[in-house]
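Reviewing the structure listed below.
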Amino acid sequence: MTSIYILQSEKNGKYYTGCTNNLKTRFDEHNKGAVRSTKPNRPWVLKLSQEYNDLSKARKVEKRIKELKRRDYIESMIADGVIKMEL
């Protein structure tokens with residue numbers, strides 16, 4: 001299973017979207033500073049995750065969310081508790 005996840009920085013409220021096969025390990029890497037793009041904004045809180053059977057689809061959904069760069073859309077998904085993305 002592949003998970004798409006959305007993190008929020010406790011430092012400045014920014015969101016980060018990612019994709020992984022091991023959510024716990026990846027989340028720990030973000031908070032330990034092992035991920036260059038998220039290191040300056042630690043600590044992170046997991047706001048939403050959703051599993052996908054198909055890695056290819058999960059990566060496409062992740063890419064689409066990152067391309068949108070819309071805070072309101074991300075906050076809407078978090079409030080609804082589901083990643084809504086049409087490909």
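Which entries of Lys39/Lys84; Lys39/Lys63; Lys11/Lys57 have Cα-Cα distances beyond 23 Å here? Pairs exceeding 23 Å: Lys39/Lys84; Lys11/Lys57. The Kirkwood radius of the chain, taken over pairs of alpha-carbon atoms, gives through the Stokes-Einstein law at 37 °C and 0.692 mPa s a diffusion coefficient of 252 µm² s⁻¹. Considering only Thr17, Thr25, Thr38, the Gaussian network model of the chain with Cα springs below 10 Å gives its largest mean-square fluctuation to Thr25. Positive end of the dipole of the chain (Cβ unit charges, origin at the Cα centre): among Val61, Met85, Pro40, the Cα lying farthest that way belongs to Pro40. Our summary gives the chain a relative contact order of 34 percent, counting only alpha carbon pairs under 8 angstrom and 6 or more residues apart.
The numbers here are math on the coordinates, done by the rules we state, and not lab data. Remember, predicted model here, so these are calculated numbers, not experimental data. Here the Cβ is made from the backbone with ideal geometry for all residues, glycine too, and neighbour counts use every protein chain on show.
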